[in-house]
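Trainee: Have a look at this one before I ask anything.
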Amino acid sequence: ETGVTQTPRHLVMGMTNKKSLKCEQHLGHNAMYWYKQSAKKPLELMFVYNFKEQTENNSVPSRFSPECPNSSHLFLHLHTLQPEDSALYLCASSPINREMNTEAFFGQGTRLTVV
Amino acid sequence: AQKITQTQPGMFVQEKEAVTLDCTYDTSDPSYGLFWYKQPSSGEMIFLIYQGSYDQQNATEGRYSLNFQKARKSANLVISASQLGDSAMYFCAINGGSQGNLIFGKGTKLSVKP
């Protein structure tokens, strides 16, 4: 247990559906991240939040919409996804992301399948 | 821009033997951190070990040690006395720059044989 919890663990959705992924941490961390892990590709950083403010958006399509209502919770809202969006979505948190020795703590991920 | 290169897609090691997983990096930042994570089939990323760019000594954490060669920009992970539970994907990552986000390599799949 890393202290970062993601729900659901598995999700199958159609291309016209709207769903949300949830991430929760009670580690007192102020930075939270969404990563996408596709088969045979490096983890891709999608979004970064520092103190609830989005500080990075790595050219992610608008069909992915993050929300960070407070430092403990992070959501990823999904709508009109494509089959190529099927992947493992990992949430992570860290105390602050500007220190060199700050490791990130990851959740177990949500395995998303778009049909 | 920062980059991590892991050239070994897959590695096999006999149980109880040591194995080295390669990692090279590229960065123009004078200060950076290097990390190794383990990802078992369950999906979660488990932090293993950290090496700072200014650390004089190689990092060690139990059976894990990091062979840090700054001039060659390499940060290889050494696992001693391999166990069956070590079978997993292993990712090298770098943290640096103004944002300090973790950038990962493609990973190495380690299989430990009994």
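The values are calculated or read from the model by the stated rules, or taken from the named source; none is laboratory data. Since the model is a prediction, treat every value here as computed from it, not as a measurement. When we count neighbours, we look across all protein chains shown, and the Cβ atoms used for this are built from the backbone with ideal geometry, even at glycine. These area figures cover heavy atoms from the full protein model, side chains too; ligands, DNA and RNA do not enter into them. Shrake-Rupley method; radii C 1.70, N 1.55, O 1.52, S 1.80 Å.
Trainee: Residues being within 11 Å of another protein chain (Cβ to nearest Cβ) and open to solvent by 20 Å² or more (accessible area, probe 1.4 Å): count how many of those fall in the range B:25-40.
Mentor: So the count comes out to 5.
Trainee: Let me ask something else about it. What number goes with the only condition from (1) over 11 Å from the mean Cα position of the chain (by Cα); (2) farther than 21 Å from B:N95 by Cα; (3) away from chain B (no Cβ under 14 Å); (4) surrounded by 14 or more Cβ atoms within 10 Å (Cβ to Cβ) that A:K52 does not pass?
Mentor: (2)
Trainee: Tell me yes or no: at least one residue of the range B:95-109 is in contact with a Pro (Cβ under 7 Å, 6 or more places away or on another chain), surrounded by fewer than 19 Cβ atoms within 10 Å (Cβ to Cβ), part of a strand (DSSP E or B) and not hydrophobic (A, V, I, L, M, F, W, C).
Mentor: Yes: the range B:95-109 contains one or more residues that are in contact with a Pro (Cβ under 7 Å, 6 or more places away or on another chain), surrounded by fewer than 19 Cβ atoms within 10 Å (Cβ to Cβ), part of a strand (DSSP E or B) and not hydrophobic (A, V, I, L, M, F, W, C).
Trainee: Inside the range B:66-94, can you point out the residues that are within 14 Å of chain A (Cβ to nearest Cβ) and either aliphatic (A, V, I, L, M) or farther than 21 Å from B:Y25 by Cβ (or both)?
Mentor: B:L66, B:A75, B:A88, B:M89, B:A93, B:I94
Trainee: Sticking with this one: Given the structure, is A:L90 in contact (Cβ under 8 Å) with a residue 12 or more places away in the chain, in a loop (DSSP other than H, G, I, E, B) and under 16 Å from B:F47 (Cβ atoms)?
Mentor: no
Trainee: A further question follows. Kindly indicate whether B:A88 is free of Cβ contacts under 8 Å to residues at least 12 places away in the same chain and among the small types (G, A, S).
Mentor: In short, no.
Trainee: Turning to a different aspect of this structure: Given the conditions (1) assigned to a loop (DSSP other than H, G, I, E, B); (2) touching a Ser or Thr at 6+ places or on another chain (Cβ under 8 Å), which single one is not true for A:F75?
Mentor: In the conditions (1) assigned to a loop (DSSP other than H, G, I, E, B); (2) touching a Ser or Thr at 6+ places or on another chain (Cβ under 8 Å), A:F75 misses (1) alone.
Trainee: Let me ask something else about it. Checking the structure you have, find out if any residue of the range A:43-57 is under 15 Å from A:G109 (Cα atoms), of a type outside the set (D, E) and not in a strand (DSSP E or B).
Mentor: yes
Trainee: Quick one: is A:K19 within 17 Å of B:F91 (Cβ to Cβ), of a type outside the set (A, V, I, L, M, F, W, C), surrounded by 15 or more Cβ atoms within 10 Å (Cβ to Cβ) and touching a strand residue (DSSP E or B) at 6+ places or on another chain (Cβ under 8 Å)?
Mentor: Spelling it out, it is not the case that A:K19 is within 17 Å of B:F91 (Cβ to Cβ), of a type outside the set (A, V, I, L, M, F, W, C), surrounded by 15 or more Cβ atoms within 10 Å (Cβ to Cβ) and touching a strand residue (DSSP E or B) at 6+ places or on another chain (Cβ under 8 Å).
Trainee: In the list A:M32, A:M15, which residue meets the criterion of being more than 10 Å from every other protein chain (Cβ to nearest Cβ), touching a residue at least 60 places away in the same chain (Cβ under 8 Å), not aromatic (F, W, Y) and not in a strand (DSSP E or B)?
Mentor: Exactly one of A:M32, A:M15 is more than 10 Å from every other protein chain (Cβ to nearest Cβ), touching a residue at least 60 places away in the same chain (Cβ under 8 Å), not aromatic (F, W, Y) and not in a strand (DSSP E or B), namely A:M15.
Trainee: So, in the range A:55-84, of the ones that are hydroxyl-bearing (S, T, Y) and within 25 Å of A:N17 (Cα to Cα), which residue ends up surrounded by the fewest Cβ atoms within 10 Å (Cβ to Cβ)?
Mentor: A:S59
Trainee: Tell me the residue from A:L45, A:L112 that is aliphatic (A, V, I, L, M), open to solvent by less than 70 Å² (accessible area, probe 1.4 Å) and within 8 Å of another protein chain (Cβ to nearest Cβ), please.
Mentor: Answer to the selection: A:L45.
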